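Written below as structure tokens is the structure these notes are about.
The values are calculated or read from the model by the stated rules, or taken from the named source; none is laboratory data. Just so it is clear, the structure is predicted and the values come from calculations on it, not from any experiment. Quick reminder, even Gly has a Cβ in these numbers, built from the backbone with ideal geometry, and neighbours come from all protein chains shown. When the accessible area is computed, the model is the full protein with side chains, heavy atoms only, and any ligands, DNA or RNA have been set aside. Shrake-Rupley method; radii C 1.70, N 1.55, O 1.52, S 1.80 Å.
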Amino acid sequence: MTHPTVLILLGPPGAGKGTQARMLEEKFGLVQLSTGDLLRAAVAAGTKAGKAAKAVMEAGELVSDAIVLAILKDRLTEPDTAKGVILDGFPRTPGQAEALDALLAEQDLKISAAVSIEVDDAAMVERVSGRYTCGSCGEGYHDSFKQPVNAGTCDKCGSTEFKRRADDNAETVGARLTAYHAQTAPLIAYYETRGVLRTVDGMSAIETIAADLDAVVTQVSA
Ligand code: ADP
Ligand code: ADP
Ligand code: ZN
């Protein structure tokens, strides 16, 4: 029996993790687990974790490992994750990476690949400040780089409602990049040591990166 795929997407804010994760979901039947999305849902629902996370997220800092791990574990108990998962935005600290190793070991699972999507800091502000998503299906768009085919209408579901994130502004992005370099970038070496690191050029076009990731997933799931 083949093992379920466990793919980690590593990269700074705006690297294209969410964009690529959604494409991989469609192509490989994997499930995207975005801790950012899970946290935003908790904030919107006004749960205890959401209340604790809200101000931290708005400041562009990282939510505590305890909260993030609780939310992720909860999501992993849902049966749709059995075929394989794409971890988008998790782990983001060495503590989370160690907790993930322990969690996977308990279930006799292992990391298929950790893909670092490499992008210039200079591109991040533009990527993040032009980002918006469909309010109905969550499809991602960008003011300059990825517009809907018919202006104002989601390509995927036809909705005409779009939204922007509270933290996608030029002021917060600096703090998010600082958090990335201080707490998340060290994971690149962590996964290199474990022999599961792959890198893709995140400055390429969306379709080029998608093809690179396809090759990685096809190889690691063989
Ligand atoms: P992340 O999940 O890593 O924060 P997203 O996937 O949300 O990043 O992408 C950030 C923004 O940049 C979105 O508006 C998206 O449409 C756009 N984008 C994603 N990948 C690329 C790319 N390779 N080139 C140009 N724009 C991109
Ligand atoms: P992006 O990829 O654009 O940085 P995310 O949607 O992944 O955005 O995360 C948004 C915010 O949610 C982060 O700035 C942070 O406050 C919080 N967050 C998401 N994932 C984690 C995580 N694994 N650990 C700590 N905080 C997280
Ligand atoms: Zn939509």
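Taking the stretch 156-190 as the range and being within 29 Å of E139 (Cβ to Cβ), open to solvent by less than 40 Å² (accessible area, probe 1.4 Å), assigned to a helix (DSSP H, G or I) and not aliphatic (A, V, I, L, M) as the test, the residues that pass are T172, G174, R176, Y180, T184.
One residue stands out in the stretch 52-94 among those that are over 22 Å from G16 (Cα atoms) and either touching a His at 6+ places or on another chain (Cβ under 6 Å) or outside any helix (DSSP H, G or I) (or both): the one that is least open to solvent (accessible area, probe 1.4 Å), namely S64. Just one residue in the set T81, T77 is over 20 Å from Y141 (Cβ atoms), free of Cβ contacts under 8 Å to residues at least 12 places away in the same chain and of a type in the set (S, T, Y); that residue is T77. Taking (1) within 16 Å of ligand 3 (Cβ to nearest atom); (2) out of contact with any Gly (no Cβ under 8 Å at 6 or more places or on another chain); (3) in contact (Cβ under 8 Å) with a residue 60 or more places away in the chain in turn, A114 satisfies each apart from (1). Residues of the stretch 19-34 that are open to solvent by 30 Å² or more (accessible area, probe 1.4 Å) and touching a residue at least 60 places away in the same chain (Cβ under 8 Å): T19, R22, M23, E25, K27, F28. Residues in the stretch 102-134 that are surrounded by 14 or more Cβ atoms within 10 Å (Cβ to Cβ) and either under 26 Å from V220 (Cα atoms) or small (G, A, S) (or both): 15 in all. Evaluation of A122 against the conditions (1) away from ligand 1 (no atom under 16 Å from the Cβ); (2) among the small types (G, A, S); (3) assigned to a helix (DSSP H, G or I); (4) out of contact with any Pro (no Cβ under 8 Å at 6 or more places or on another chain) shows that the sole unmet condition is (1).
The residues in the stretch 131-147 that are more than 6 Å from ligand 1 (Cβ to nearest atom) and either closer than 25 Å to A175 by Cα or assigned to a loop (DSSP other than H, G, I, E, B) (or both) can be counted, and the count is 10. Scanning the stretch 191-222 for residues that are among the hydroxyl-bearing types (S, T, Y), part of a helix (DSSP H, G or I) and open to solvent by less than 40 Å² (accessible area, probe 1.4 Å) yields a total of 1.
Checked against (1) within 16 Å of ligand 2 (Cβ to nearest atom); (2) within 17 Å of E25 (Cα to Cα); (3) in contact with a Ser or Thr (Cβ under 9 Å, 6 or more places away or on another chain), R164 passes all but a single condition, namely (2).
Annotation: E25 fulfils all but one of (1) of a type in the set (D, E); (2) under 17 Å from R176 (Cα atoms); (3) within 16 Å of ligand 1 (Cβ to nearest atom); the unmet one is (2).
Can you spot a residue in the stretch 145-156 that is within 14 Å of ligand 2 (Cβ to nearest atom) and in contact with a helix residue (DSSP H, G or I) (Cβ under 9 Å, 6 or more places away or on another chain)? The answer is no, given that none of the residues of the stretch 145-156 is within 14 Å of ligand 2 (Cβ to nearest atom) and in contact with a helix residue (DSSP H, G or I) (Cβ under 9 Å, 6 or more places away or on another chain).
Note on the stretch 35-51: among residues that are more than 16 Å from ligand 1 (Cβ to nearest atom) and either of a type in the set (A, V, I, L, M) or not in a helix (DSSP H, G or I) (or both), the one that is least open to solvent (accessible area, probe 1.4 Å) is A42.
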